[in-house]
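Read the structure below first, then the notes.
The values are calculated or read from the model by the stated rules, or taken from the named source; none is laboratory data. Every value quoted in this text rests on a predicted model; they were computed, and no experiment measured them. Cβ coordinates were reconstructed from backbone atoms using ideal geometry, including for glycine residues, and neighbour counts include every protein chain displayed.
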Amino acid sequence: MTSRDAEGQSFSGTAAVVLVSGGLDSATTLAIARDRGHRCHALSFEYGQRHAVELSAARRVCESLGVAGHRVLALPIGGLGHSALTDRSIAVPESPGTGIPATYVPARNTVFLACALAFAETIDAGHIYIGVNAVDYSGYPDCRPEFVRAFERLANLATRAAVEGRRMQVHAPLVDLGKDEIVRRGTALGVDYALTVSCYQPDDAGRACGRCDSCRLRREGFAKAGIPDPTPYAAA
């Protein structure tokens, strides 16, 4: 099972689909996939999120790290509502809470992985990478190792490739890492985190709010890693 990937795996020359949101975690995941020798095909989504700056960040990250191609799919699941990331009438939480937060987008990672799976079949890729993290995560049910394992089982039941003997592997290389470990790993692989946007509510210039849960985890990660935080923050 590949949801807890060991260090040092090599997949030289093999194609992989990598989900790239423009944030810290997905940038690190792309760098890991590239370091393992994959031909990386990046996939991002315009899904009705609050801001477009994360897609600009995704493009910058892909250009910086080098990919075989980068597709942005329009996927208007945000129209279903019920998430602070897609519905401006719902406030983004600015203090830690309990339970599943308002920033959870219903079934988002399931839908994203399904699209990645379809894309992987079209390019004969046997690998999908997703930057979910179950250590410093915000309570999202679709960031857990169990979810990744379950989706890999589905992928190997539901595809022509698998039926014909070409198994699909779903990699979540960050799933067991703390944010500081992710920052150190990405820095060692040459990720320029100044290009990334993690904030749930950045301004139009891409400056982070510094108050949301994602900003808090990111800032704590850089501090614990002992690496300067390159994040531009909006004036208080």
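When the residues of segment 120-141 are filtered to those that are among the β-branched types (Val, Ile, Thr) and either under 30 Å from Ala84 (Cα atoms) or buried (at least 24 other Cβ atoms within 10 Å of the Cβ) (or both), the one that is modelled with the lowest pLDDT is Val135.
Could you pull out the residue among Ala172, Ala234, Ala150, Ala161 that is small (Gly, Ala, Ser) and free of Cβ contacts under 8 Å to residues at least 24 places away in the same chain?
On the way: Ala172 fails: free of Cβ contacts under 8 Å to residues at least 24 places away in the same chain; Ala234 fails: free of Cβ contacts under 8 Å to residues at least 24 places away in the same chain; Ala161 fails: free of Cβ contacts under 8 Å to residues at least 24 places away in the same chain.
Exactly one residue qualifies, and that residue is Ala150.
Residues in segment 103-119 that are buried (at least 18 other Cβ atoms within 10 Å of the Cβ) and part of a loop (DSSP other than H, G, I, E, B): Thr103, Tyr104, Val105.
For segment 156-214, the candidate set comprises residues that are in a loop (DSSP other than H, G, I, E, B) and polar (S, T, N, Q); within that set, the residue that is nearest to Gly37 (Cα to Cα) is Thr196.
Determine, yes or no, whether Val92 is aliphatic (A, V, I, L, M), under 12 Å from Leu19 (Cα atoms) and in contact (Cβ under 8 Å) with a residue 12 or more places away in the chain. For Val92, the condition - aliphatic (A, V, I, L, M), under 12 Å from Leu19 (Cα atoms) and in contact (Cβ under 8 Å) with a residue 12 or more places away in the chain - is not met.
Tell me whether segment 194-217 contains one or more residues that are among the basic types (Lys, Arg), at pLDDT 95 or above and either touching a strand residue (DSSP E or B) at 6+ places or on another chain (Cβ under 7 Å) or surrounded by fewer than 20 Cβ atoms within 10 Å (Cβ to Cβ) (or both).
First, the residues of segment 194-217 that are among the basic types (Lys, Arg): 207, 211, 216.
Filter once more, keeping what is at pLDDT 95 or above: none.
Within segment 194-217, none of the residues are among the basic types (Lys, Arg), at pLDDT 95 or above and either touching a strand residue (DSSP E or B) at 6+ places or on another chain (Cβ under 7 Å) or surrounded by fewer than 20 Cβ atoms within 10 Å (Cβ to Cβ) (or both).
Just to be sure before I move on: is Leu85 crowded, with 17+ Cβ neighbours inside 10 Å, hydrophobic (A, V, I, L, M, F, W, C) and within 23 Å of Gly126 (Cα to Cα) in the structure I sent?
Judged against the criteria, Leu85 is not a match.
Per the conditions (1) acidic (Asp, Glu); (2) modelled with pLDDT of 90 or more; (3) assigned to a loop (DSSP other than H, G, I, E, B), the sole criterion not satisfied by Glu146 is (3).
Return yes or no: is Arg153 part of a loop (DSSP other than H, G, I, E, B), surrounded by fewer than 19 Cβ atoms within 10 Å (Cβ to Cβ) and not hydrophobic (A, V, I, L, M, F, W, C)? The answer is no for Arg153.
Could you tell me whether segment 33-53 includes any residue that is surrounded by fewer than 16 Cβ atoms within 10 Å (Cβ to Cβ) and over 26 Å from Glu152 (Cα atoms)? Taking every residue of segment 33-53 in turn, at least one turns out to be surrounded by fewer than 16 Cβ atoms within 10 Å (Cβ to Cβ) and over 26 Å from Glu152 (Cα atoms). The set of residues from segment 104-147 being touching a residue at least 60 places away in the same chain (Cβ under 8 Å) and of a type in the set (S, T, N, Q) comprises Asn133, Ser138.
Per the conditions (1) within 29 Å of Asp203 (Cα to Cα); (2) in a loop (DSSP other than H, G, I, E, B); (3) modelled with pLDDT of 95 or more, the sole criterion not satisfied by Asp87 is (3).
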